[in-house]
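Undergrad: So that we are looking at the same thing, I have put the structure below in structure tokens.
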Amino acid sequence: MAIIKTENIKGVLTYTVKKDINDNEADNKLTNAFVTTSMITNIINHDADVYTEEGKLLLKFRKKALSQKHTTGFYNNVIKFALHSTNNRGSATGSNSKNVYDNPKIMTNIFGYFDRYSPIQKKQFREVGMKQPLEVRECRFNRDYPELYEKTLPLIRDINRLYKKHTPVHFKKQNNKAKETAFKIPGTAFTTITTNVNFRTSIHTDKGDDTEGFGNLVVIEKGKYSGAETCFPQYGIGVDVRTGDMLFMNVHELHGNLPMTPIDTDARRLSVVCYLRENLWKRTREKSEYFFKKHIKTLRNLGNKTKIDNKTRKNKRK
């Protein structure tokens, strides 16, 4: 039993938990494995705050905290993009292969800004003989579908507002960093958004996120399913996050999902994670708005030039 104390503080059940599995054992047995029901003794499905026995915040969960209008709007505008599959998530899929092509394909995608160039962009640099500029990029969704991107922002700003309200100390530190870069989601402490569809992550910690910030998770459901709870197996704790709920969580602790079992054959669980990429902030914190606009323009022009050159070569072959 991971819960060692339960209190009611201002109407919110507040738990103190301890680790059932120590860090050394977790490194050997849990990392890149999958969460199983035998690891989890408590599933939270109500407003709750959870702290470790050292007094550190592990998670805050609030039911129905998000606007239904903004949640629906986000889903409708992003889902077509979110259904694209990739095999670049590596260890989060349970794979230990260094060759990304050996990894299982899953529906995970990013938008906003990122601190690594895509394989296509690296190829484009080689094709035109151009030295790679500062490794920061605009993601494809906000570049190619700006109208849809704009319609996702109300939900992201809702998440930002709740972040400030429920974890103000972490928010302030992360938001101060976000203010120092133009490569961010406007009006938020986030640079990047990850979407996952029906993706059961293995047990992992989030790499690349702001170490002083705090993680978050939103889920949007279509159709019925059971399972897929977000769990901290060292503590035996899971959270059943559903549409409209808001989970703030320490993503630098080991976490993963229980399996999702569709009740409706076409059931979807779209999860949304907003965060600040620490390397992106470090690389751009002293760059001006002028640099931002020029850098984005350079990358867009490169993509357009490559498309034209490839089309010209194809026509010549005909």
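Undergrad: How large is the dipole of the chain about the Cα centre if only Lys and Arg carry +1 and Asp and Glu carry -1, each at its Cβ, rounded to the nearest 20 debye?
TA: Taking the Cα centre of the chain as origin, the dipole is about 2180 debye.
Undergrad: Could you tell me whether segment 214-312 comes out rounded, prolate or oblate from its Cα gyration tensor? Rule is a ≥ b ≥ c as square roots of the eigenvalues, rounded for a/c under 1.5, then prolate if a/b exceeds b/c, otherwise oblate.
TA: oblate
Undergrad: Mind running the shape call on segment 139-178? Use the C-alpha gyration tensor, a ≥ b ≥ c as the square roots of the eigenvalues: rounded below 1.5 for a/c, prolate if a/b tops b/c, oblate otherwise.
TA: oblate
Undergrad: Further question on the same structure: Residues with beta-carbon under 13 Å from that of Val50, excluding Val50: net charge, scoring Lys, Arg +1 and Asp, Glu -1? Numbers along the way, then the final one.
TA: Values: positive: Lys5, Lys18, Lys19, Lys56, Lys60, Arg62; negative: Glu7, Asp47, Asp49, Glu53, Glu54, Glu253.
So the surrounding residues net to 0.
Undergrad: If you take every residue apart from Ala267 with its C-beta less than 14 Å away from the C-beta of Ala267, what net charge results, scoring Lys and Arg +1 and Asp and Glu -1?
TA: Net local charge, Ala267 excluded: +3.
Undergrad: Here is a further query. Just to be sure I follow: if Rg is taken over the C-alpha atoms of segment 3-317 and Rh is the Kirkwood radius over the same atoms, what is Rg/Rh?
TA: So for segment 3-317, dividing Rg by the Kirkwood Rh gives 0.99.
Undergrad: Choose one of Met260, Gln174, Thr37: the residue whose Cα lies farthest towards the positive end of the charge dipole of the chain (beta-carbon charges +1 Lys, Arg; -1 Asp, Glu; about the Cα centre).
TA: Among Met260, Gln174, Thr37, the one farthest towards the positive end of the dipole of the chain is Gln174.
Undergrad: Once amide H atoms are built 1.01 Å from N in the peptide plane, which residues 5 or more positions from Arg277, or in another chain, come under 5 Å H to H?
TA: Placed amide hydrogens put Thr191, Thr192 under 5 Å from Arg277.
Undergrad: Evaluate the distance, in nm, between pseudo-label points positioned 7 Å from the Cα of Leu13 and of Glu53 along their respective Cα→Cβ axes.
TA: It works out to 2.1 nm between the two label points.
Undergrad: In the structure displayed, which of Lys18/Lys56; Lys64/Lys173; Lys164/Lys207; Lys151/Lys207 lie more than 19 Å apart, Cα to Cα?
TA: Lys64/Lys173; Lys164/Lys207; Lys151/Lys207
Undergrad: Using per-residue counts of other Cβ atoms within 10 Å, averaged over each peptide, order 192-203, 258-269 from highest down.
TA: Packing order, densest peptide first, comes out as 192-203, 258-269.
Undergrad: Could you tell me which of rounded, prolate or oblate describes segment 9-87, using a ≥ b ≥ c as the square roots of the eigenvalues of the alpha-carbon gyration tensor, with rounded for a/c under 1.5 and, failing that, prolate when a/b is larger than b/c and oblate otherwise? If you can, show how the numbers build up before the last one.
TA: Numbers: a/c = 2.92, a/b = 1.27, b/c = 2.29.
It is oblate, given that a/c is not under 1.5 and a/b is not larger than b/c.
Undergrad: What angle do you read, to the nearest 10 degrees and between 0 and 90, between the alpha-carbon axis of helix 146-166 and the longest principal axis of the chain?
TA: Rounded to the nearest ten degrees, it is 30.
Undergrad: What nm distance separates the two modelled labels at Arg242 and Lys131, each placed 7 Å from Cα along Cα→Cβ?
TA: Between Arg242 and Lys131, the label points sit 5.7 nm apart.
Undergrad: At 222 nm, what helix-only mean residue ellipticity would the chain give, in deg cm²/dmol to the nearest 500, using -39500 (n - 2.57) for each DSSP H run of four or more?
TA: -10500 deg cm²/dmol, from helical runs alone.
Undergrad: Answer with one residue from Asn109, Tyr75, Tyr145: the one whose Cα lies farthest towards the positive end of the charge dipole of segment 3-317, charges on Cβ with Lys, Arg +1 and Asp, Glu -1.
TA: Farthest towards the positive pole: Tyr145.
Readers should treat all values here as calculations from the given coordinates under stated rules, not as data from a laboratory. This structure is a prediction, so every number in the text was calculated from the model and none was measured. Neighbour counts are summed over all protein chains in view; Cβ atoms, including those assigned to glycine, are modelled from backbone coordinates with ideal geometry.
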